[in-house]
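These notes are about the structure you will find just below.
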Amino acid sequence: MNQKQKSKIEVTLMYLVILITSIIIFYPLVWTVGMSLNQGTSLYSSSLIPENFSLEHYKWLFSDESDYLLWYKNSLIVSISVAAGSVIITSLVAYAFSRYQFVGKRNALYIFLLLQMFPVMMAMVALYIFLNMIGMLDTLTGLILVYLGGQIPFNAWLVKGYFDTIPRELDEAARIDGAGHLRVFWSVMLPLAKPILAVVALFNFMMPLFDFLLPSIVLSSQDNYTLAVGLFNFINDRFANNFTRFAAGSILIAVPVATVYLFLQRYLISGLTAGGTKG
């Protein structure tokens, strides 16, 4: 077998792997879209390609009978707050670790790295007790604080790696011109760090929209539900049969994520590739 034949076989195998992966990824998505357009509410009577397309489930989600819009608003409040808060807090923490020397710096970085190794499930009981003690259980504020605190270790490492790639000569030049610490941070570091901050913003915006476990533990009032918890109730009850409405609601979750992605897409590729170059 010559080299040309080997190359053809390798290319064929690559395309085969891509095809199988695409089917695994897109088949459930196509089923969800098809189910949301089926009439009725039963899972077993739904088909991949609906015989009679209907938008009745989408209309029902926006009607007065459903709390979907309220859950959507709660999710957006949490997601936007977490995304904005994570960018601000993470950029300040990463800037300090990247540019300054202080006692305990290396140990703090090791602690951040260590915290990433433990699953979130280990802290659920402690978080529940803590939020109950400070009176923030079953509140969106408490949920936001948990998300913000939980993402600092990973985000700090990611942004610090990017800050380390920015030449220190730029800081020194700004200080020679009379800029202080905050001025250097605001006018020099942040504009150059837009790609990695866009990555942080997108990841932290997406997480509350799709997360079910933490909101289900923290939130108990239906008025405070996020989308994941609210939609779960469509199919959670013993006699619930709202799978098509669940599918319609799930499809609409992708709208804000796609909007944010399109807004930040020019920064994302460079941010993802540069964030892990140095640590």
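The values are calculated or read from the model by the stated rules, or taken from the named source; none is laboratory data. Not measured: the values here are computed from a predicted model. Cβ: placed from backbone, ideal geometry, glycine included. Neighbour counts: every protein chain shown. Ligands, DNA and RNA are stripped out before the accessible areas are found, and what is left, the full protein with its side chains, is counted by its heavy atoms. Shrake-Rupley method; radii C 1.70, N 1.55, O 1.52, S 1.80 Å.
A compact table of results
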read-out	value
Of all residues making up the stretch 45-97, the number that are small (Gly, Ala, Ser) and under 19 Å from Thr32 (Cα atoms)	4
Meets criteria (modelled with pLDDT of 75 or more and touching a Pro at 6+ places or on another chain (Cβ under 8 Å)) for Ala228	yes
Selected residue (only one of Phe205, Phe185, Phe232 is in contact (Cβ under 8 Å) with a residue 12 or more places away in the chain, surrounded by fewer than 18 Cβ atoms within 10 Å (Cβ to Cβ) and assigned to a helix (DSSP H, G or I))	Phe232
Matching option when the condition is in the same structural domain as Ile144 (by the TED database) and of a type in the set (A, V, I, L, M), among Ile49, Ile88, Ile24, Ile20	Ile88
Qualifying residue in the stretch 246-255 (condition: assigned to a helix (DSSP H, G or I), at pLDDT 80 or above, under 15 Å from the mean Cα position of the chain (by Cα) and exposed (fewer than 12 other Cβ atoms within 10 Å of the Cβ))	yes
Which numbered condition Leu70 misses (of (1) touching a helix residue (DSSP H, G or I) at 6+ places or on another chain (Cβ under 8 Å); (2) modelled with pLDDT under 85)	(2)
In the stretch 191-202, the residues that are open to solvent by less than 30 Å² (accessible area, probe 1.4 Å) and either touching a Cys at 6+ places or on another chain (Cβ under 8 Å) or farther than 16 Å from Leu262 by Cα (or both)	Ala193
Any chance Asp177 is of a type in the set (Asp, Glu) and open to solvent by 80 Å² or more (accessible area, probe 1.4 Å)	yes
